[in-house]
């Protein structure tokens, strides 16, 4: 049985009372870590995802771990750039004694001119040829020393940062001999009975779990992977309150802490700090600054793969689609608000001709439901290096999970190889991506926490395996609007474009636009608005309506019937509920 995690520390309150540095609760991921270790389930861990953030307000992960484990006799920290370091001189002294090294000549991992006992000991232990008496930085020299510490009769914890640089997710045949040795060493640590019984722990840290070699991610490795998620709304709000309490003279907020917490979904605590620092330069923290900074951060962090959806409107801006809105209220919004998550569909596919408002509806639903919302841009997923695409998608889906409750949207689902096993292009990578999506959509733990919405003009090109029950629970046609719906769309567009429209103009547009899509109608209203303002009026009259109709023709007229037939058939063949 592993020893219980020791958490008596000086600058952070003890985890025994469940509090962190700011008096709030300890992170949920740490509670999982503590429980798993305390039960003897694992002594080796992989911490991944939001590892570059503050673990609790103002405390980076490395500092947090070393302080929560400070009662250990030795905590050794290793990465390829810094080599082996220790958080306290007493721990370094103890480690040197265990290794039989002279602390007076071996106190750093940088350049050194010492020799003698340390050099001889290092050479005999690791076979390395260090310069002087410095501790080796290379894995081939450092890992044997760390193993000696882990097998010593003292309470030891080894923290390996950037673990993917030691055991990358590469084909074993392409790895160098040193990399293969490092991988095998880490595998042995996970299964070593002496380490298990002693309770000495190994913690690997990586930003992306998929970047770690599969051999270490396998259940048989005995490594327990624990996700450090992005902070949820409450964690962001707690950080904002903590930050403002420390800096009462901080820049004026143009929003409440609660509003700022809502506006920063998808960002880390360090990102929040960056926004505050930028606001200090600007003199005020405004909604516009937050949105500008957030867009830039999301773009650089996720390379265009993820895009946060920030809808400024709800169903009130959606003209027509009344049956679809009622379905969403009954099947999604009401169950979520009542906590009946088992009744919420895991996935929904909206099918129909282009321009019918599928994407617009999903954005409005995101506001109505109150979930975070994110779009996954699959066209940006493919990378030029083997394995990059799979790791990109794995990281993106990990971020999506950490944003829960979240609405995940993929537009033009049929256009990506991810939805068809690569059958359309013969791309072998697409099969791996497809399987990743199947696992994600089929994960029952996501029900009520992650709601997937896809939109497609060509549902016949989407692999049936992606659409089976338990992954996509509803396929709903969104067809070209009838006259009553066109009337509602015209009125909604006039409101959103802040222009009045005469009742006669509404009737004319609605009556003369058969087979026009919602996007076509929006273009008609936009053209009419410009004509009215050019004439010095703030209202669209029948004259502007007539002239707009003469210049705007439906973009989908040629293929409208074809797309409508495909949408209807996709529902009929799957015996799904049809909304007409």
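Taken together, the values in this text are just the output of simple stated rules run on the coordinates, not laboratory data. Source: prediction; values computed, not measured. So basically every Cβ, Gly included, is an ideal-geometry build from the backbone, and we count neighbours across all protein chains shown.
Classify the stretch 272-313 as rounded, prolate or oblate from the Cα gyration tensor: take a ≥ b ≥ c as the square roots of its eigenvalues, call it rounded if a/c is under 1.5, otherwise prolate when a/b beats b/c and oblate if not.
Oblate.
Taking 8 Å as the Cα distance limit and 6 or more residues as the minimum spacing, I'd like the relative contact order of the chain as a percentage.
Relative contact order comes out at 12 percent.
So how tilted is helix 89-99 from the main axis of the chain? Cα-based, degrees 0 to 90, rounded to 10.
Helix 89-99 and the main axis of the chain meet at about 60 degrees.
What ranking do 345-351, 35-41, 315-321 get when scored by the average of other Cβ atoms within 10 Å per residue, highest first?
345-351, 315-321, 35-41
Restricting to the chain, what percent of DSSP beta bridges are antiparallel, rounded to 5?
Antiparallel: roughly 20 percent of the beta bridges in the chain.
Please list, short to long, the whole-number percent of alpha-carbon pairs of the chain in consecutive 10 angstrom bins beginning at zero.
Distribution as computed: 3, 14, 21, 22, 18, 11, 6, 4, 1, 0 percent.
Provide the packing ranking of 239-247, 535-543, i.e. peptides ordered by the mean count of other C-beta atoms within 10 Å per residue, highest first.
In descending order of packing, they fall as 239-247, 535-543.
Any chance you could get the radius of gyration and Dmax over the Cα atoms of the stretch 315-479, in Å?
When restricted to the Cα atoms of the stretch 315-479, Rg and Dmax are 15.4, 47 Å.
For the stretch 162-203 and the stretch 467-532, compute the distance between their C-alpha centroids and round to whole Å.
Centre-to-centre distance over Cα atoms comes out at 59 Å.
How tilted is helix 177-191 with respect to the longest principal axis of the chain? Cα atoms for both, answer in degrees (0 to 90, nearest 10).
Relative to the chain, helix 177-191 is tipped by roughly 90 degrees.
How tilted is helix 287-302 with respect to the longest principal axis of the chain? Cα atoms for both, answer in degrees (0 to 90, nearest 10).
On a 0 to 90 degree scale, this one is about 60.
What number, in percent, do you get for the relative contact order of the stretch 315-479 if the mean sequence gap of Cα pairs under 8 Å and at least 6 apart is divided by its residue count?
36 percent
With just the Cα atoms of the stretch 483-551, tell me how far they stretch along each of the three principal axes, in Å, largest first.
Cα extents, longest axis first: 31, 23, 20 Å.
Before anything else, pin down the relative contact order of the stretch 233-290: Cα pairs under 8 Å, at least 6 apart, normalised by residue count, whole percent.
Across the stretch 233-290, relative contact order equals 44 percent.
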